[in-house]
Every structure is written in structure tokens, then in C-alpha cells.
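The values are calculated or read from the model by the stated rules, or taken from the named source; none is laboratory data. Fair warning: this is a prediction, and the values are worked out from it, not measured in the lab. Please note: Cβ atoms are built from the backbone with ideal geometry, for glycine as well, and neighbour counts cover all protein chains shown. These area figures cover heavy atoms from the full protein model, side chains too; ligands, DNA and RNA do not enter into them. Shrake-Rupley method; radii C 1.70, N 1.55, O 1.52, S 1.80 Å.
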Amino acid sequence: MRPPLEQAFPRPSVLGVVNVTPDSFSDGGRFFAPEDAVEQARRLVEEGAALVDVGAESTRPGSAGVSAEEELRRLEPVLERLSEVAFSVDTSKASVARRAVDLGAALVNDVTALRGDPELAGVVAESGAYVCLTHMLGEPRTMQDDPRYDDVVSEVKAFLEERLAFAVAAGIAEERVCLDPGIGFGKTVEHNLELLARLDELVAIGRPVLVGASRKRFLGRVLGDPEALTGPVAASVAVAVLAFERGASLFRVHDVREHVEALAAARAVVGSEAA
Ligand code: HH2
């Protein structure tokens, strides 16, 4: 039996991203060969990642998705070689998640929050894996087409509470779940900033919150490039530190060493305040 998620991944824990895809927005194609992906995963753990998040389907704005067969064809040769590395699988498909947990995945990172495949909740419940439930408005293909909210934070909060209740009703222990506001998943720059500024309201739900802001385009846009498709590392680190201060527990990032160092310093400062 795995311990509660907050014990396995105490604040702050960093998830290092390994995309086994030809087209991810930040590192597409770089780790498409299995041996390159495995090497990258090991490097990220050495740099201090608590987990590596391995994904074979791009969820960048506008992307169309791949079949379960193709996802497995990309993932299996990587996951089979990760026996000494703690990893999560970034997938929305039950058949892919089932194979990944058989190969040792500790966490299923499903950006559809168990809405994409009716069988995924059962796979997670049965396996005892952890799960991350993410808010997304629409689907990757269309999510950035004019997203609108009355109050983005209360709508995302209500959504995450509803998906948490759904997961628990499906037999997934609450202590295995973490929640994610889904930065960039159907949000304008202003929506992302407001979610980060008011992250404490999502932390108040009572489950660990994961933030994935690393290198996302809103950071490039904040810096003044309205056409930016990625954001810089330093801006990603700044956002992670502020999210940590507001209570975030987990950070899905590409630049592990920089985030681990910054978050260790942030934790020392916050800890000294409490002392
Ligand atoms: N963002 C991406 C992918 N998976 N999972 C969670 N829980 N939260 C996120 O914010 C998140 C995620 C997008 O980033 P990346 O994997 O680098 O690129 P791509 O979308 O092309 O896979």
C-alpha cells in the first residue's frame, strides 16, 4: 500500500517532464528515441526530481491526439527501462494507464480529470496508483479558442471539488488524489495569472495542488511578446516560488535543477518565518 500522496511527495516536490513526442511545445522531438528519453529521465532524477512525468501524447493548444496503440508504442520501451526511477504517466487512456501502472507508474496524470475515458477511474482505483485531476476548459484542440469565465478561480475550484468527489465515488481513496488548476488549459494570460495569485483558494479544498506553469506561453506573453509560444526558465521559476508560497505542493517542470534549488530556498525562507 502506498502512503498518502502528501507523505510520498512532501511540499515542495518536483516532477520532471519527459515528452516522448515529436511535437511537444517545449521540447518536442528531443527525447523521441527511447534511449534519449530514458537518459533524460535519469538526469532529471539526479537533479532532484521526485518523479518523472512521462507523456507520449502532446496536449499543447491545437494538438489532435494520438491512438492508444501509438501512445503505448512510444511509452513501453521507455517505461520498461525506468525500473529504478519513480515515474508518472501523462495519459487520459485507460489501456495506456493500465500498462503503465503494471510497469511501475506511481501516478496517473490525466489532464481530462477522469472525463476522457470512462474506464480510467476503475484502473486507478484498482491499482492503488496516485492520480492528478486537472482543470481543462474544452479539449486541447479547441481550448484556447476564446475561453471565458465569470470568476475563473471559483469555477476551477467547483470543477476540482466535483472531480474529486467523482474519483472518490469511483473507489479512489481521497489521500491518493492531487488537484491541478490546469495552467494554459483553456485560459487567457489573465486567467492563468489570477489562478496563480489566488491559488490558496484551491489549496483550501484540502488536497495537494500541482502547478504546471513551466515554459508555458503565457510567461512569454507576460514579458511582452504577444506571439510567444513558450516562456523562459527564470519566469517559470518565479511562478513556481510564488505558487509554493500560496500553498502549492507539486511542480511539473522541464528545468528540474533550477526549480529544486529555488524551491529549497523558498522553503527555507517560509520555514524561518514560522519558526
Ligand atoms: N501541462 C502539460 C502537460 N501535462 N499535466 C498537468 N497535471 N498539469 C499541466 O499543467 C500539464 C500537464 C503541457 O506541457 P508539456 O508536456 O511540456 O507539453 P505538451 O503539452 O506538448 O505535452
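Distances between placed amide hydrogens fall under 5 Å for Tyr130 paired with Leu107, Val108, all partners being 5 or more residues away or on another chain. Modelled spin labels at Ala268 and Ala158, positioned 7 Å past Cα toward Cβ, are 4.4 nm from each other. The label-point distance for Ser83 and Ala234, in a model that sets each label 7 Å from Cα toward Cβ, rounds to 4.4 nm. Charge dipole (Cα centre; +1 on Lys/Arg Cβ, -1 on Asp/Glu Cβ; no other charges) of the chain amounts to roughly 200 debye. Does segment 164-275 come out rounded, prolate or oblate by the C-alpha gyration tensor, with a ≥ b ≥ c the root eigenvalues, rounded set by a/c under 1.5 and, if not, prolate when a/b is larger than b/c and oblate if not? It is oblate, given that a/c is not under 1.5 and a/b is not larger than b/c.
Only one residue of Ser13, Val96, Phe32 has its Cα farthest out toward the positive end of the dipole of segment 11-274, where Lys and Arg carry +1 and Asp and Glu -1 on Cβ, and that residue is Ser13.
On a per residue basis, the chain carries 42 Å² of accessible surface, using protein heavy atoms and a 1.4 Å probe. Taking the three principal axes of the alpha carbon atoms in the chain, the coordinate ranges are 42, 40, 39 Å, sorted in descending order.
Under the simplified labelling scheme, the Glu76-Glu190 pair shows an inter-label distance of 4.9 nm, with each label point 7 Å from Cα along Cα→Cβ.
Surface composition of the chain: carbon and sulfur atoms hold 51% of the protein heavy-atom accessible area at a 1.4 Å probe.
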